[in-house]
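Reviewing the structure listed below.
The values are calculated or read from the model by the stated rules, or taken from the named source; none is laboratory data. Small disclaimer: the values here were computed from a predicted structure and weren't measured. Here the Cβ positions follow ideal geometry from the backbone for every residue, glycine too, while neighbour counts run over all protein chains shown.
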Amino acid sequence: MLYELTLNNAVELAKLENGCTAVNMVFEEIKGKYRDLIFERVAENAKWLSFDPYGTYVVQNFLTLHNPNATKAIAERLGGNFFSLAMCKEGSYVVEKCLNSDFARLKVLEEFRGNDKEWVRMAKHKFGNYVAQCALNVMKERGMIPLLREFLGKLRPHLYGNKILQMIQNKFGGWLDHSPVDDLRKF
């Protein structure tokens, strides 16, 4: 009965301060059919929930479950919205969780890679800059150095590009053997 009620009201509960906690707790306790159905309901509404102050916690929790199908389904639903999510306080946390997931990372990076103007705008944004730093750090940690250099290179020619690069270098010193600003001058 509790599982059925949670399923029928998962999205509405996820929008509430205590409801988002309840959905997460129930989801972690149940197994089988209702777990899958609740997940599907949340995944179907992942975009909307990711922008919600409480719904974001449910989506973030689901992304940390290390469930490939669940994570891929959420990433698919969020596709085309990663930039707008990154520049929204609630959504930025969801994008960071996607970047840190083996099952969603490439979807996010593909979207970021496809729009240089939005990448730079995001890197300068008050919330988006944390997502940009997360993306760059993930690329570094995963040994995606050519991709890392590509993304850093997109910042270089823009106004404040050197300032952003320097900020990133200072925050994550030692990313490269030398300053990314110096490295990018070679291109």
Which listed residue, of F39, F103, F27, is among the hydrophobic types (A, V, I, L, M, F, W, C) and not in a helix (DSSP H, G or I): F103
Hey, S84 surrounded by fewer than 18 Cβ atoms within 10 Å (Cβ to Cβ) and modelled with pLDDT of 95 or more or not: yes
Count of segment 38-69 residues which are farther than 19 Å from N81 by Cβ and aliphatic (A, V, I, L, M): 2
Residue in segment 56-66 that is of a type in the set (A, V, I, L, M) and surrounded by fewer than 16 Cβ atoms within 10 Å (Cβ to Cβ) present: yes
Qualifying residue in segment 138-147 (condition: under 15 Å from the mean Cα position of the chain (by Cα) and either not small (G, A, S) or not in a helix (DSSP H, G or I) (or both)): yes
Residue list for segment 49-91, filter: small (G, A, S), in contact with a Leu (Cβ under 7 Å, 6 or more places away or on another chain) and closer than 17 Å to E118 by Cα: G91
Checking R113 against (1) surrounded by 17 or more Cβ atoms within 10 Å (Cβ to Cβ); (2) in contact with a Leu (Cβ under 9 Å, 6 or more places away or on another chain), the condition it does not meet: (1)
G80 being in a helix (DSSP H, G or I) and either of a type in the set (S, T, N, Q) or under 13 Å from the mean Cα position of the chain (by Cα) (or both): no
Meets criteria (at pLDDT 95 or above, more than 21 Å from G153 (Cα to Cα) and more than 10 Å from the chain's Cα centre (by Cα)) for N100: no
Lone unmet requirement of (1) at pLDDT 90 or above; (2) part of a helix (DSSP H, G or I); (3) not aliphatic (A, V, I, L, M) for P53: (2)
Of all residues in segment 12-44 being in contact with a Lys or Arg (Cβ under 8 Å, 6 or more places away or on another chain) and under 18 Å from E76 (Cα atoms), the one that is surrounded by the fewest Cβ atoms within 10 Å (Cβ to Cβ): E44
When residues of segment 87-98 are limited to those that are hydrophobic (A, V, I, L, M, F, W, C) and surrounded by 22 or more Cβ atoms within 10 Å (Cβ to Cβ), the one nearest to T56 (Cα to Cα): V94
Search result, residues across segment 3-35 that are of a type in the set (D, E) and at pLDDT 90 or above: E12, E17
